[in-house]
Amino acid sequence: MGINKMQQPGQKVDGWKPRIIAFLCNWCSYAGADLAGVSRLQYPPNTRIIRVPCSSRISPLLILKSLQHGVDGVLVSGCRPGDCHYISGNYVARRKFAILNNLLEYLGIEKGRVHFAWVSAAEGKRFAELIKEITEEVRALGPAKELVKKQD
């Protein structure tokens, strides 16, 4: 199910659930999410997972575009430092995210909208808990309607 099939941005209804997109590293974080599913760990179903080769491949522009197109929260998750399949990809991602945080602050976007986390392939429980925490934080912020691009 694509983002467009989810609840419309800024729509105020009882039981509103935030729309969260998670960009997960294929080698660690995606495997951690898979472990959470195989272990039948419960976490909110309102997160859409996108598997990427490495967390360093996520452009800050992609995160901004996601917010602009109605996503309420974004998670970028990669391998723990020292465990990257591509040697230094997670360090590159960490540098990109530090710069992105400054840009988000400059643009006036709340801190809790975009998250960066390390999740290894063996941390299914951590992944489920992380999704729960992010969902609650984004729910407290409310819909990201002020960020949504106006459709002409």
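The values are calculated or read from the model by the stated rules, or taken from the named source; none is laboratory data. All values derive from a computational prediction rather than experimental measurement. A quick note on method: Cβ atoms are made from the backbone with ideal geometry, for glycine too, and the neighbour counts reach across all protein chains shown.
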Going by the structure shown, is Gly70 within 22 Å of Lys150 (Cβ to Cβ), surrounded by 15 or more Cβ atoms within 10 Å (Cβ to Cβ) and either touching a Cys at 6+ places or on another chain (Cβ under 6 Å) or modelled with pLDDT under 95 (or both)? yes
Among the numbered criteria (1) under 12 Å from the mean Cα position of the chain (by Cα); (2) surrounded by 24 or more Cβ atoms within 10 Å (Cβ to Cβ); (3) in a helix (DSSP H, G or I), which single criterion is violated by Leu64? (2)
For Ala121, all conditions in the list (1) out of contact with any strand residue (DSSP E or B) (no Cβ under 9 Å at 6 or more places or on another chain); (2) in a helix (DSSP H, G or I); (3) at pLDDT 95 or above hold save one; what is the number of the exception? (2)
Determine, yes or no, whether Ile87 is assigned to a loop (DSSP other than H, G, I, E, B) and closer than 19 Å to Asn26 by Cβ. yes
So if I check each of Arg80, Arg48, which one is under 11 Å from the mean Cα position of the chain (by Cα) and at negative phi? Arg48
